[in-house]
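The values are calculated or read from the model by the stated rules, or taken from the named source; none is laboratory data. What you see is a predicted model; the values in this text were computed from it and never measured. Virtual Cβ from ideal backbone geometry, glycine too; neighbours counted across all protein chains shown. When the accessible area is computed, the model is the full protein with side chains, heavy atoms only, and any ligands, DNA or RNA have been set aside. Shrake-Rupley method; radii C 1.70, N 1.55, O 1.52, S 1.80 Å.
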Amino acid sequence: MTTKLKGLTWSHPRGYAPLEAAARKWQEKTGTCIEWGKGSLRDFSTIPVDELARDYDLLVIGHTHLGRLTRDGSLLPLEIEGREGARREIEAGAIGRTWRAYHYRGRQWAFPIDASAEVMAFRPDRLSEPPADWRALMGLAEEGKVLLPLRAPHALMVFFTLAAALGTPCRTEANGPLIDDDEGITVYEHLAELAAFVPEDNLAADPVAVLEMLSAGDTDAVAAPFITGYQNYAVAGFRANRLAFTDVPVIKGEGPAASALGGTGIAISALCRHADAALDFCQWVASGPVQSSLYAKAGGQPAHVAAWDDETVNAASGNFYRDIRAAVERAFCQPRHDGYAGFQQEASDVIIEALRTDAPAIAVIGRLNKLFEDSFPGARSSAL
């Protein structure tokens, strides 16, 4: 009898194409059939957790979903006795903090399969060198040549990255405000200064929309300095104009600071009836040999260094992996607690509205800090 598994991944070719290709190959190898459904990563913040666990065997998640998904035991811990060898290979090969991102409350809940961070995208046909510092960036912005993805939750991602670049990274755990008031004001003022020169529709644009604008032929823009990297746009012929990717500009100090880690991991529902078969697939698709061949060739953005080191993978992507590797290796994990998803949305909405209305920075930071402290379980009830 054929073993059948059902998975949920995100509805971008980078999210589903490599997993569909992997599922076809896996069925040839093992007879196990995996059907992939597509949704938004926001689904993991809105669909009830018990529904996700009941309806799917495999879940492709961001590390920021862990607090919510592990709260009621909806995911299967992956430290399975007798599976240590494959697990150690994946851990050793995970780029940057991608392995640690899915290690939460003492357990490993997912294997990293996709890696990214906030980086800078630019048009190499128009810029021989991207802006290296804030002054150069603002010079381009004042000429109307800069774009920013500011649709929720990306306004918060830009804020996080600017905070780290200014040497005042935001808090990721409980017991304190998101950021010191004075430091937060400086961060927000930098964001507002830059956002004042980008098109108004950027307030509703996600990274894919901005990359589409930047790669089009009818734009004056030449750079998106704080954006999630997508290797597809670095491939010649993918769009009218190829994009290049590199580190974010230096804002303070002598070199780029860490930026927010992105990407996804593959997890198993605690209610999966074929957990051994699901784990077999997870270990296989997250392994170096698969990540650096089938997964990358199918349009994925691997999390294993075997792919990032591979000359063929780099050549096919215009050296995308080599060019942003340092940024991904420095990238920091975002908060992961149950309640963060709601904070991420509300905080972004606060930032977006403030940029629209020229709200005072002190009010913005006060609101962000209150939202952050209230986002932790028990915070509101304990304040009553």
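Let me have the 222 nm mean residue ellipticity of the chain computed from DSSP H runs of 4+ only, each contributing -39500 (n - 2.57), with the sum over all residues rounded to the nearest 500. Kindly include the intermediate steps, with their values, before the conclusion.
Working: 17 runs with 163 residues, N = 384.
My calculation for the chain gives -12500 deg cm²/dmol from helical runs alone.
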Fraction of alpha-carbon pairs over 24 Å apart in the stretch 221-321 - percent: 39
Shape category assigned to the stretch 63-111 from the gyration tensor of Cα positions, a/c cut at 1.5: oblate
Under 11 Å, Cβ to Cβ, from Thr70 - net charge with Lys/Arg +1 and Asp/Glu -1: +3
Relative contact order of the chain, defined on C-alpha pairs under 8 angstrom at six or more residues apart (%): 27
D_trans [Stokes-Einstein, Kirkwood Rh over alpha-carbon pairs] for the stretch 204-272, 25 °C, 0.890 mPa s, µm² s⁻¹: 169
Within the accessible area of the stretch 260-384 (1.4 Å probe), percent carbon and sulfur: 52
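Ala209 to Ile80: FRET efficiency via 1/(1 + (r/R0)^6), r the Cβ-Cβ distance, R0 56 Å, to the nearest 0.05?
0.90
Keeping the other protein chains in place, figure out the carbon and sulfur percent of the accessible area of the stretch 185-246, with a 1.4 Å probe.
After summing per-atom areas, the C and S share lands at 50 percent.
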Stretchable slack from Ala326 to Thr357, in nm (0.36 nm times residue separation minus alpha-carbon distance): 7.5 nm
Projected area averaged over orientations for the chain, convex hull of C-alpha atoms, nm²: 18.9
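Using a Förster distance of 35 Å, how high is the FRET efficiency between Thr312 and Asp276, based on the Cβ-Cβ distance and rounded to 0.05?
Efficiency for this residue pair is about 0.60.
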Tilt relative to the chain, helix 13-30 - C-alpha long axis, 0 to 90 degrees, to 10: 10
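Report, in listed order, any pair from Lys145/Lys297; Lys38/Lys370; Lys252/Lys297; Lys6/Lys29 with a Cα-Cα distance greater than 29 Å. Let's see the in-between values first.
Working: Lys145/Lys297 33 Å; Lys38/Lys370 34 Å; Lys252/Lys297 38 Å; Lys6/Lys29 18 Å.
Beyond 29 Å: Lys145/Lys297; Lys38/Lys370; Lys252/Lys297.
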The stretch 218-358: relative contact order as a whole-number percent, Cα under 8 Å and 6+ apart: 27
The chain - share of DSSP beta bridges that are antiparallel (%, nearest 5): 65
Contour excess over end-to-end distance, with Cα ends at Thr46 and Ser128 and 0.36 nm allotted per residue: 25.2 nm
Cα pair count fraction exceeding 29 Å, expressed as % - the stretch 1-148: 34
Folded to 0 to 90 degrees: helix 275-285 orientation relative to the chain principal axis, Cα: 50
Per residue value of the accessible surface for the chain (all protein chains in place, 1.4 Å probe), Å²: 41
GluC sites (Glu not before Pro) restricted to DSSP loop in the stretch 68-177 with at most 10 other C-beta within 10 Å: Glu81, Glu173
Nearest-ten-degree value, helix 84-93 long axis tilted from longest Cα axis of the chain: 20
Normalised per residue, the volume of the convex hull around the Cα set of the stretch 293-384 (Å³): 162
